[in-house]
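Reading through the structure tokens given below for one structure.
Derivation of every value follows stated rules applied to the coordinates shown; laboratory data play no part. Predicted model only: the values in this text are computed from it and were never measured. With ideal geometry, Cβ positions are generated from the backbone for all residues, glycine too; neighbour counts draw on all protein chains shown.
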Amino acid sequence: MISKLKKLFDKNESEIRKARKLVEKINSLEEQVRRMSFEEMKNYILEHKGKLQNFEELEEHVEKVFAFVREVARRTVGMRHFDVQLIGGIVLHKGKIAEMKTGEGKTLVATAPVVLNSLMNRNIHMVTVNDYLAKRDAMWMGPIYLALGLRVGIINTAGKAYEVVWKNPELAQKGLEENYCVWPDDFDGEFLSDELKVKKAVEAFEVDIVEVSKKEAYRCDVTYGTNSEFGFDYLRDNLVISLEDKVQTGHFYAIVDEVDSILIDEARTPLIISGPSKNNASVYKQFYQIAKRLERDKHFKLDEEHRTVLLTDEGIEFLEKLLGVDNLYDPANVNSIYHITNSLKAIHLFKKDVDYLVHNGQVLIVDEFTGRVLPGRRYSGGLHQAIEAKEGVPIKEESITYATITYQNYFRMYEKLAGMTGTAKTEEEEFKSIYGLEVVVIPTHKPMIRNDRDDLIYRSVDEKYKAIVEEIKKRYEKGQPVLIGTTSIEKSERLSEMLRREKIPHQVLNAKYHEKEAQIIAQAGQKGTVTIATNMAGRGTDIKLGPGVKELGGLCVIGTERHESRRIDNQLRGRSGRQGDPGESIFFLSVEDDLMRIFGGDRIQKVMDMVKIEPGQPIYHPLLTKLIEQVQKKVEGINFGVRKFLLELDSVLDTQRRAIYGYRDYILEHNVDNFINEAIENFVQSRIDEFCSSIEWDLEGLKNSFAVIKDYVKINEKIDDVEKLKADLTAQIRGWYEEKKKEFGEDFEHVAKFIVLRIIDENWRQYLEEVEHVKESVRLRSYGQKDPVLEFKKETYAMFTDMMSRNYELAVSYLLNLRRVDNKAEEESKKELARVSTIHDEFKLVEDKTADGKKKPKLKIKRD
């Protein structure tokens, strides 16, 4: 009675009950849909496509579309959705996570919600863990989508993009017109009656891929790709200087396969687009020598309080002659200005043994508050290199961060997010708190009969490995296939060497070659097969049992130790017992395992000491099993904390990132005048605040502060009202701006957009570098009982405000200092513009260490 009541009020059971009622309605349409032609079903989809305004309107189409997809899948790929697969599809459509056991057909499950949501006529993202699975799944499910009039795109991490097409369009068209049907073994053919016609149907619905632009792949109804590539494309799209170069079309609906791997395991490492400084050491040395020739007050002015440098008109002319350029403020010469100002700062504003020390050939920053050296810290934006050039020490190149985002904040941008995996329930709290995702456990198509045995615990690692080899040997001799899961390549190799000594043939897999790995893992259920794999191996691939294996007990899965997360252990176990197959799983542990030793060593050792056992003998004890689970929960909590802290910091940045990207989009989509008008107002306001905030106005200081744009700004001394003074100065600058527009004519808009975007991007890049230093410092403040997130918010708010002021000031000063150049210089400028326009396609993968010390891939700008 109690168990029945539990089921009645269980939230998961409630979701399943609702879904089952919907499935009954879908099933009731099957006979009617069987009699429909491909054309009728396709026309229904195309007729409603783009006419729906919101997700709620999709609900009235669920039953029909799901019934169509099931029927089309039966005819084109020979797979008919089981009822539980339809339940999984309903859960995905509702924007939740469907936990389905391995082998339950998750790839097919996603097709129904994809087709249904395509009625909104917006691009859907199917997210996978690697390129191999993205291509495989898109081509495997491609015939279903193509038959219903949908387009399917694929993107990969090599920067290539493809579209899925019929291999033989004429044959496919004939198959669609004549309603060819490929049916599964347990179904009778409705439209065809002999084997020959089934063969024709298989041939008719074969697909191929053709290379297309990435932009085109994103304009398909559904785009398959990896989590990293979707994220990097978003960042790249916010580095372009033309709307035409953007590839993504928004963030509407994403279905994430292996959702736990992507949204949890990989969420610790942010996506970073970065590259080395394009300047070699000689560039910094050259500009240092030039800066030494400039005279204070004649060529430049110093503001020691704000540590800024402003070039005078005389200084600009002197530098133009020295550098052999016609206009220092031409877009092609932007970097020269940064170098010269950094060199001037290094010489006149940053003092040795005050701001920094030189020790063992390194420039070390001194904390202005404590007087202590800050090891590992470097000034950003090329300033540190300028100081190194000044001090004559080796100049180190830095990688420059151009854009960054965490997976958490990227995937939270989608209007609707869903996921599927075999293991998610143990992490439901994190899914809920970070992504707002509920987990629904989907029942299996056939009852699960796998035997999950109790852990075997040994005193030492050596005893454990000897026992594992003996277990493998016993299974191998009777022909039962064995899959052994390890936590590292090093441990895989140790076990492999022991098996070689016993002359047991086996395969060793790691995650380097996805396609080869998937093919080998698929064969791991054949008689007499022994496969060693790291915990990443074989994700997304079914292990089907070979002839005679069921009679031997099915696939035996052996874990060589417990992972930090129970979820990873469940993934390994889930390789066995698919679709009601027999199977067995067992974990071999030792007290010396890292997890046990670091997190639960004392308590576990006490239990071991209480139980007297012979050397080499395992121990079974309920208390030990409970302790191990507690240890795993503890580690899961620690890892969750790390990911949550990363998200909290990036969420502060996310608001700022969206503001910056919003400015970029506005400038790209509209006339640049609105941004410049806002910049002029901010430019004037900042000076009014500084020189006219008190009763005594500093009119001379106010006038001098405008020297960066014009030396002949007129201050009307008769004006005694701040607002009138502000309006007068704003009008003057706007007048100069309008004159500049007339001078350049039609070219001005193009040049102005380019300059403003470069300024925003460069300041954002410098800001990201500074933020990394703040992240490090706020972590340390937690030791002083300060909330690091609150401290981070405070500091970055002030920094962001300063950065926006710099954007406004530089935009105004650069545009008002623009001058026409001769044809040669203009050609150089156009070349620079073309180079920056193609920067979107010039990102290459490199490896970089992250905060946790592990190597992770990230992008790097590299000139081919």
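Candidate cross-link partners of Lys474 among the aspartates and glutamates, defined by an alpha-carbon separation under 12 Å and a same-chain spacing of 8 or more, comprise Glu502. Peptide packing for 267-273, 418-424 was compared via the average number of neighbouring C-beta atoms within 10 Å per residue; ordered from the highest value, the list is 418-424, 267-273.
Modelled label positions at Ile719 and Lys321, each set 7 Å beyond Cα in the direction of Cβ, lie 3.6 nm from each other.
If I take R0 = 30 Å and measure r between the Cβ atoms of Lys215 and Asn179 in this structure, what FRET efficiency does the formula 1/(1 + (r/R0)^6) give, to the nearest 0.05?
Taking R0 as 30 Å, the efficiency between Lys215 and Asn179 is 0.30.
Could you tell me which of the pairs Lys550/Lys634; Lys135/Lys197; Lys106/Lys446 are separated by over 26 angstrom between their Cα atoms in the structure shown? Could the numbers behind the result be given before it?
Values: Lys550/Lys634 38 Å; Lys135/Lys197 28 Å; Lys106/Lys446 15 Å.
Flagged as over cut-off: Lys550/Lys634; Lys135/Lys197.
Applying 0.36 nm per residue to the separation of Phe252 and Lys11 and subtracting their alpha-carbon distance, the gain on full extension is 84.0 nm.
Under 13 Å between alpha carbons: how many lysine pairs meet that in segment 648-820, if sequence neighbours fewer than 8 apart on the same chain are excluded? Don't skip to the answer; put the middle values down first.
Numbers: Lys703/Lys714; Lys703/Lys726; Lys710/Lys740; Lys714/Lys726; Lys741/Lys753; Lys775/Lys793; Lys775/Lys794; Lys786/Lys794.
Qualifying lysine pairs in segment 648-820: 8.
Going by neighbour counts of Cβ atoms within 10 Å, the residues Arg35, Arg136 line up, fewest first, as Arg35, Arg136. Extending 7 Å from Cα along the Cβ direction at Leu52 and again at Asn121 yields two label points whose distance is 1.4 nm. Take the Cβ atoms of Ser37 and Asp454, set R0 to 56 Å, and the FRET efficiency comes out at 0.50.
Put the Cα centre of segment 738-762 next to the Cα centre of segment 791-812 and the gap is 22 Å.
Taking a straight line from the alpha carbon of Lys215, these aspartates and glutamates sit under 19 Å away, with near neighbours fewer than eight places off in the same chain left out: Asp131, Glu163, Glu229, Asp233, Asp237, Glu244, Asp245, Asp665, Glu669, Asp841, Glu842.
Would you mind calculating the gained length between Arg20 and Glu648 on full extension (0.36 nm times residue separation, minus the Cα-Cα distance), in nm to one decimal?
Details: separation 628, 0.36 × 628 = 226.08 nm, distance 3.87 nm.
Extra length available between Arg20 and Glu648 comes to 222.2 nm.
With a cut-off of at most 12 other beta carbons within 10 Å, and DSSP calling the residue loop, which trypsin sites (Lys or Arg not before Pro) in segment 327-360 qualify? Please list them. Provide the component values of the computation, followed by the final result.
Details: sites: Lys345, Lys351, Lys352; in loops: Lys351.
Loop-located and lightly packed - Lys351.
Taking 7 Å steps out from each Cα toward its Cβ at Gln519 and Lys167 produces label points 1.6 nm apart.
How high is the FRET efficiency between Glu490 and Val469 when r is their beta carbon distance and R₀ equals 25 Å, given to the nearest 0.05? Mind dumping the intermediate values first?
Numbers: r = 17 Å, r/R0 = 0.68.
Given R0 = 25 Å and the Cβ-Cβ separation, E is 0.90.
Inter-part distance, segment 56-106 to segment 398-476, computed on C-alpha centroids, equals 23 Å.
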